1. What is the calculated FRET efficiency for A:PHE186 to B:SER165, with r their C-beta to C-beta distance and R₀ = 25 Å, to the nearest 0.05?
2. Using the Karplus curve 6.51 cos²θ - 1.76 cosθ + 1.60 with θ = phi - 60°, what ³J(HN,Hα) values do you get for each residue of region B:70-84, in whole Hz, with x for Gly and Pro?
3. Among A:ALA160, A:ALA106, A:ALA273, which one shows the highest mean-square fluctuation when chain A is modelled as a Gaussian network with alpha-carbon springs under 10 Å?
4. What is region A:66-302's relative contact order, in percent, from Cα pairs under 8 angstrom and six or more apart in sequence?
5. Could you pull out every one of the aspartates and glutamates with an alpha carbon less than 13 Å from that of A:LYS120, ignoring same-chain neighbours closer than 8 positions?
6. Where the centre of each part is set by its Cα atoms, how far does region B:233-284 sit from region A:44-78, in angstrom?
7. How large is ³J(HN,Hα), in whole Hz, for each residue of region A:142-148 in order, when computed from phi with the Karplus curve 6.51 cos²θ - 1.76 cosθ + 1.60 and θ = phi - 60°, using x for Gly and Pro?
8. Using square roots of five times the C-alpha gyration tensor eigenvalues, list the equivalent-ellipsoid semi-axes of chain B in whole Å, biggest first.
Amino acid sequence: MSTVTDPIENSSDVRRSRNDRNMGFRRLRDAFFYLLFLSSILVGIGALIVLLTDVFISGFRFLDLDFLRNFPSRHADQSGIRAGLVGSLWVISMTAAFTIPIGVGAAIYLEEFASDNWFKRIIQLNIANLAGVPSIIYGLLGFAVFVTAFGLGRVVLAGALTLTLLVLPIVIIASQEAIKAVPDSFRAGGFALGATRWQVVKTIVLPQAIPGIMSGIILAMSRAIGESAPMIAISALVFLTFSPAGPFDRFTVMPIQIFNWAAEPDHDIRDVAAAGIIVLLVVLLTMNAGAIYIRNKFQKRRD
Amino acid sequence: MVWALKLAALISVVTTISIVVILIRESIPFFREIPIWDFLTGTTWTPNFNPASFGVLPLIGGTLLVAVIAGVTAVVFGLASAIFLSEYAPDKLRRIIKPILEILAGIPTVVYGFFALTFLSPQLQKIFPEMIVFNALSAGLVMGLMIMPMISTLSEDAMLAVPRSLRDGAYALGATKFEVAMKVVVPAALGGIVASFILALSRAIGETMIVTLAAGASPNMTFNPLESIQAMTAYIVQTTLGEAAHGSIQFQTIFAVGMVLFVMTLAMNIVGRIVVARWSEKYE
């Protein structure tokens with residue numbers, strides 16, 4: 001006679017639970033992994049704190065008004081970040097001027113006007129792929145196209161155009177999300193009042209989507225201001241003793257100067273790099289604080 | 001006016017085409033001199049020596065060595081953080097911890113490079129006295145710190161998408177919190193977790209400043225993380241800064257190396273997206 005085996009009785013989980021009647025062990029294991037998971041997070045946060053403290057301690061002694069006013073120098077105590085700071089501000093403002101209309105425009109087209117066909121899908125796939133292309137590749141692209149083929153040379157404009165291509169996917173994707181989040185009933189309300197597609201976009205969709213679009217733009221600009229690799233490919237200059245006065249001047253940016261200082265074997269010069277990093281982080285922090293302020297202001301008005 | 005918006009959207013397509021065209025066009029003169037097979041299979045990279053040798057494998061090896069160290073570091077800490085945030089942390093704590101982790105993702109890479117070179121390397125030298133200042137290990141560890149938020153955020157999103165009812169079912173059978181996390185939530189979110197790992201690894205391969213500052217400029221074929229290496233991205237930056245004349249074969253190499261880099265990261269990003277689309281469970 002064949003023995004009928006009960007599938008449940010024989011399943012490994014049931015056997016295991018029979019075997020480990022010891023609830024104490026399972027509780028202990030639970031507590032152990034709770035601590036392990038928690039400490040993983042603390043490692044990440046701890047590393048961040050160590051990084052910021054290290055930078056601050058190293059760079060603090062060089063941080064004064066002269067550091068903002070001076071050009072880089074062979075003497076650590078006379079060195080300054082002026083060329084990089086002015087260069088970064090030039091490049092970022094021009095990048096913003098190009099990126100905002102193109103990025104928001106593309107997002108409006110894709111969300112409000114494009115019909116859902118192969119053309120839209122190709123563009124969408126493209127944007128997703130571009131977001132994953134390493135930034136140094138954009139540097140090679142910008143060098144070959146803007147610096148060489150367009151004959152612009154290694155100037156502010158070439159840097160700004162390169163960064164524009166680099167951050168466009170971020171702005172487009174964020175703006176699309178913001179536009180998507182506007183409920184369709186709002187649009188329907190506009191159409192019911194006889195508004196055209198344009199009027200609906202301009203007076204209903206965009207005002208609702210602006211906080212989301214804004215945070216996307218700030219995120220993109222924060223990314224752009226910290227980019228070193230593509231800027232080295234465009235500018236190449238690491239030791240510049242003048243600041244640009246227009247879009248067709250040669251330039252350097254803060255990250256390039258920090259890179260240059262950090263690569264020096266001299267310990268004092270490396271601490272100058274840390275001072276440069278503090279300035280860069282303060283600029284980034286200001287931008288993000290601005291983003292939060294703008295978002296709160298717009299959101300209050302909406303309520 | 002719609003045509004203007006359409007034009008803006010088309011810029012993305014033009015960008016992709018330009019990248020491909022530029023990389024191919026600028027590296028054609030190089031591949032006329034050096035057969036593409038020799039380039040891809042050669043194990044010596046000495047573009048500035050006489051006679052020069054253009055085997056790209058040491059650069060690929062250097063890139064992968066750093067990326068693997070970064071990937072292992074980031075997946076261990078990132079996944080554990082994601083499990084903690086999604087399964088353990090109360091909402092209040094989550095709202096404090098998440099923005100802090102996101103700060104890590106927003107720090108410029110040159111800052112990480114500085115940290116690896118001037119802080120971590122000297123610390124590690126106390127443990128491994130034979131290690132030189134420029135090494136794959138500290139670059140990899142710091143890069144792991146950089147990509148950890150990416151793995152933790154994307155994995156946590158995948159875990160949060162696992163419906164409550166699955167967890168409740170397991171709890172009803174008497175499972176503990178750890179058992180629910182490891183036997184129910186992680187397997188159910190595996191698609192998203194694997195994808196986050198692939199995307200983070202692709203990010204690590206394309207990262208430039210950490211390896212340029214901290215990993216060195218010696219194209220070694222080595223698996224020893226204590227040695228100095230040269231990554232593909234670092235080679236491109238170091239050559240751009242060097243004396244190679246525009247039009248020389250040394251200068252053309254950066255486009256050939258750029259092509260390898262572009263193809264590798266593109267392939268990984270596409271695989272990552274396929275994994276998300278195919279593998280992720282759909283819950284109604």
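Read-outs throughout are calculated quantities, based only on the coordinates presented, and are distinct from any laboratory measurement. Since we're looking at a predicted model, the values are computed, not measured. Counting neighbours? That spans all protein chains shown, and the Cβs are built from the backbone with ideal geometry, glycine included.
1. Values: r = 33 Å, r/R0 = 1.33.
With R0 = 25 Å, the Cβ-Cβ based efficiency is 0.15.
2. 4, x, 5, 4, 5, 6, 5, 6, x, 5, 4, 4, 4, 4, 4
3. The residue with the greatest mean-square fluctuation here is A:ALA106.
4. Relative contact order comes out at 28 percent.
5. Partners within reach: A:GLU111, A:GLU112.
6. Each part reduced to its Cα centre gives a spacing of 32 Å.
7. Those phi angles translate into x, 5, 5, 8, 6, 6, 8 Hz.
8. So the equivalent ellipsoid measures 39, 25, 17 Å along its semi-axes.
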